[in-house]
Amino acid sequence: MTNTYTQLDPPSRVLLGPGPSDVPPRILTALASPTVGHLDPTYLQIMDETRQLLRDTFKTKNELTLAVSGTGSAGMEACFANLVEPGDHVITCVNGVFGTRMTDVAQRYGAITHPLEIDWGQTYDPRQIADTLKQNPQTKILAIVHAETSTGAHQPLEEISRIVHDAGALLLVDAVTSLGGLDLRVDDWQIDAVYSGTQKCLSCPPGLAPVSFSPAALAVMDARTTKVQSWYLDMSMLRNYWGEQRVYHHTAPVNMTYALREALLLIHEETLDARFARHHLNHTALRAGLEAIDLQYIPQNSLTTLNAVHTPANIDEADIRKQLLNQFNIEIGAGLGPFKGKAWRIGLMGASSTQSNVTLLLAALEKLLDRSGATHAAADVYNAA
Ligand SMILES: *Cc1c(COP(=O)(O)O)cnc(C)c1O
């Protein structure tokens, strides 16, 4: 080992994978602003504004809405850690990587889990949920992924929410790949606990996990007879840190809060509806382009933020991804689980969801796969819009 190190010089990639997504310059500038103390009056104001912007983005009035220190998975842990007491029964909906992870996390906090498994890529029929709740009447929480990034499945939640509440359980939702990209209505859909991450449709660097808890979830936490197993993620203390009392718990990642606030301000300026429409248009154009060169979507793919397509037969899919990166500076994702080596996952999340990115990727794929017609098909969609 020598003691010489390279200069920090990461390339400016076009991030079209399953996250992180492209970070707008305004957010990077916010990140590089002077660090202040985490109890500095300026920072307290920034925390308050961030909470309000988060509520607007989640479409909720929930008082307990804040950003957990850590990535999306920390948000997942925060939800289970605070709502589960050892021996509680939890139904986890497992149709991809993240439903699988929720089961693991719930078990680690002492839950008795009842995984409801369906084929990867499928979405749930509310009747399946109703049947499972009937078979497990003692269920305290039903946990489900809104946007399954491993397959592209987009799960409708409204009817499921009604069924879960009729059964007397709480609804816990993974909104990591939907918040800021897809319609998500925490209050209208009566979601009791929801978590997300900063690096998907919010287009912020990874590092914070927005969470929100309904009054019903709060009541369940307040009625706990055991301590939350994680000190770091204990909402009874985090509430007092993010609330008016400002009781020191841990030092919030000050500059990441600047970045998240800026990302949420960008959404506020664009408006959620315009943002959802943008995601829809770019997805439609990409889809037309990919299908024009015979790349088939995984049948149930219904997300506008994540496009999962089968890789063509007789090609080295990893080599194509490598060439996309090396020749075109574009990152896309590989398949996971049953789709390993068999699918590409193309994210069009947040700032990455643009016409120029769609056109660039399609042109690159035309060249690497020696096919034509993709950019043309996408242009037709844009011209018609
Ligand atoms: C990315 C992702 C996660 C995990 O988030 P990390 O930021 O990687 O910890 C959880 N759920 C879904 C649906 C995701 O896409």
### Task
Quote the FRET efficiency, to the nearest 0.05, computed for residue 104 versus residue 291 with a Förster distance R0 of 30 Å and r equal to the Cβ-Cβ distance.
0.25
### region 147-227 - Rg (one decimal) and Dmax (whole number), Cα, Å
13.8, 39
### Summary
So residue 185 and residue 44, fully extended at 0.36 nm per residue minus their Cα-Cα distance, gain in nm 48.1 nm
### Query
With each label point set 7 Å from Cα along the Cα-Cβ vector, what nm distance links residue 236 and residue 112?
2.4
### Query
What helices in the chain pass both tests, a Cα length along the helix axis of 27 Å or more and a mean Kyte hydropathy of -0.5 or higher, using whole DSSP H runs?
272-292
## Note on the structure
Label model pair residue 314, residue 248: point-to-point distance (7 angstrom along the Cα→beta-carbon line) in nm is 6.8
### Summary
In nm, the gap between the two label points placed 7 Å beyond Cα toward Cβ at residue 325 and residue 119 is 3.1
### Message
If you wrap a convex hull around the alpha carbons of region 42-93, what volume per residue comes out, as a whole number of Å³?
### Response
120
### Query
Size of the dipole of region 272-384 about the Cα centre, Lys and Arg at +1 and Asp and Glu at -1 on the beta carbon, nothing else charged, in debye to 20?
260
### Query
For a paramagnetic label modelled at 7 Å from the Cα of residue 56 toward its Cβ, which residues of region 244-266 fall within the zone defined by backbone nitrogen distances under 15 Å?
260-266
#### Entry: Estimated D of region 54-165 in µm² per second, where Rh is the Kirkwood radius over Cα pairs and Stokes-Einstein applies at 37 °C, 0.692 mPa s
223
### Task
Go ahead and run the numbers for FRET between residue 371 and residue 134, Cβ-Cβ distance against an R0 of 51 Å, rounding to 0.05.
0.55
#### Entry: Estimated FRET transfer efficiency when R0 is 25 angstrom, pair residue 356-residue 270 (beta carbons, to 0.05)
0.90
### Task
In square nanometres and to one decimal, what's the mean projected area of the convex hull around the Cα atoms of the chain?
21.0
### Task
May I ask you to list the aspartates and glutamates whose Cα is less than 20 Å away from that of residue 340, ignoring any residue fewer than eight positions away on the same chain?
117, 119, 148, 294, 316, 317, 319, 331
### Lysine-lysine proximity count for region 25-269, Cα under 25 Å, sequence distance 8 or more or distinct chains
5
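Please give the peptides 310-320, 64-74 ranked by average Cβ packing (other Cβ atoms within 10 Å per residue), highest first, as a rough proxy for protection.
Taking the mean over residues of other Cβ atoms within 10 Å, the ranking is 64-74, 310-320.
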### Message
Could you tell me the ratio Rg/Rh of region 272-384? Both radii from Cα atoms, Rh via Kirkwood.
### Response
0.94
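Just so you know, all these numbers are worked out from the coordinates, no wet-lab data involved. As the structure is a computational prediction, the values presented were derived from the model and not from experiment. Virtual Cβ from ideal backbone geometry, glycine too; neighbours counted across all protein chains shown.
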